[in-house]
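Report on the following structure.
The values are calculated or read from the model by the stated rules, or taken from the named source; none is laboratory data. For clarity, every value in this text was computed on a predicted model and none was experimentally measured. Reconstructed Cβ throughout: ideal geometry from the backbone, glycine too, with neighbour counts over all protein chains shown. Each accessible area value is taken on the protein alone, full model and side chains, heavy atoms only, with ligands, DNA and RNA left out. Shrake-Rupley method; radii C 1.70, N 1.55, O 1.52, S 1.80 Å.
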Amino acid sequence: MSSVVEVARGLLNAWRSRPVADWLVVAALLGGHGLLVALTGRGDIFGAPGREQRLVIYTTGATVVALVGSFVTAAIAQYASANGRRMRVLRTAPHLASQFRRNWVSVLSATLLIAGVCLLAIVLDHTEADAGGVHWAVEGALILGAARAYRLLWLFNAVIQATDRDLADSPPGASQISPSTGGS
């Protein structure tokens with residue numbers, strides 16, 4: 001049992017250090033779904049609704065990813081402004097620093113790409129049946145968004161944990177709020 005857990009941890013760590021792996025996830029899931037639809041003629045989630053409903057999906061996708069983009073920029077600001085021993089290690093250790101930068105850039109670039117695909121789909125999807133298959137591009141973009149959302153949560157968690165541990169290590173001083181005085 002412990003070897004299975006170790007293998008799973010190893011795979012998760014390998015995935016975290018390689019944001020390009022998200023594209024393999026997208027290809028596998030989108031390709032599998034496309035094959036299923038081609039073989040059965042059923043299950044085309046975004047192709048089944050009419051044009052108006054697809055446009056709502058595209059608009060909602062662009063809106064949600066724009067909101068997530070604001071969280072990404074907040075997280076990057078938190079990462080860049082946090083100080084302490086652990087945060088310095090995250091930002092300067094050769095392997096960790098490059099891994100974190102790749103992940104931040106991958107998450108931020110994905111938000112721009114996904115929003116762009118959703119907005120472009122609004123323009124390109126102009127027939128009732130979406131004969132051009134624009135909805136498949138949106139489905140792929142949303143799968144990428146799901147993978148990058150997990151990556152964002154992992155990054156947020158790592159920064160919060162390092163910041164909290166650094167704060168716990170710092171000696172109590174005048175800059176900390178006292179529970180009995182409410183900060184006064």
Flagged in region 115-143 as at pLDDT below 95, of a type in the set (G, A, S) and in contact with a helix residue (DSSP H, G or I) (Cβ under 7 Å, 6 or more places away or on another chain), in numbering order, are G132
Checked against (1) within 18 Å of V25 (Cα to Cα); (2) open to solvent by less than 20 Å² (accessible area, probe 1.4 Å), A121 satisfies every condition except (1)
Checked pairs for region 28-39, first touching a residue at least 40 places away in the same chain (Cβ under 8 Å), second of a type in the set (D, E, K, R), C-beta under 8 Å and 6 or more apart or across chains, list as L30/E139; H33/E139
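One residue is enough: does region 162-183 have a residue meeting the conditions open to solvent by less than 20 Å² (accessible area, probe 1.4 Å), part of a helix (DSSP H, G or I), among the hydrophobic types (A, V, I, L, M, F, W, C) and modelled with pLDDT under 90?
Start the filter on region 162-183 by keeping residues that are open to solvent by less than 20 Å² (accessible area, probe 1.4 Å), which leaves 162, 166.
Subset that is part of a helix (DSSP H, G or I): 162, 166.
Restricting the remaining residues to those that are among the hydrophobic types (A, V, I, L, M, F, W, C) gives 162.
Now restrict to residues that are modelled with pLDDT under 90: 162.
Among the residues of region 162-183, at least one is open to solvent by less than 20 Å² (accessible area, probe 1.4 Å), part of a helix (DSSP H, G or I), among the hydrophobic types (A, V, I, L, M, F, W, C) and modelled with pLDDT under 90, which makes the answer yes.
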If you check A97 against the conditions, is it free of Cβ contacts under 8 Å to residues at least 40 places away in the same chain and of a type in the set (G, A, S)? yes
Selection from region 134-157 of residues open to solvent by less than 20 Å² (accessible area, probe 1.4 Å) and either over 18 Å from L24 (Cβ atoms) or of a type in the set (A, V, I, L, M) (or both) yields H135, V138, A141, L144, A147, L152, L155
Going through region 65-98 in order, the residues found to be of a type in the set (K, R) and closer than 18 Å to S17 by Cβ are R91
So, first residue farther than 22 Å from S109 by Cβ in region 70-92, second residue buried (at least 18 other Cβ atoms within 10 Å of the Cβ) and polar (S, T, N, Q), Cβ within less than 9 Å, six or more apart or across chains; the pairs are A82/T163; N83/T163; G84/T163; R86/T163; M87/T163
Note: among T92, T111, just one is at pLDDT 85 or above and within 18 Å of Q161 (Cβ to Cβ), namely T92
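State all residues of region 93-141 that are touching a Cys at 6+ places or on another chain (Cβ under 7 Å) and either more than 21 Å from L153 (Cβ to Cβ) or outside any helix (DSSP H, G or I) (or both); if no residue qualifies, say none. Before you say what the answer is, go through the steps one by one.
Just the residues of region 93-141 that are touching a Cys at 6+ places or on another chain (Cβ under 7 Å), to begin with: 138, 141.
V138 - this is the single residue of region 93-141 that is touching a Cys at 6+ places or on another chain (Cβ under 7 Å) and either more than 21 Å from L153 (Cβ to Cβ) or outside any helix (DSSP H, G or I) (or both).
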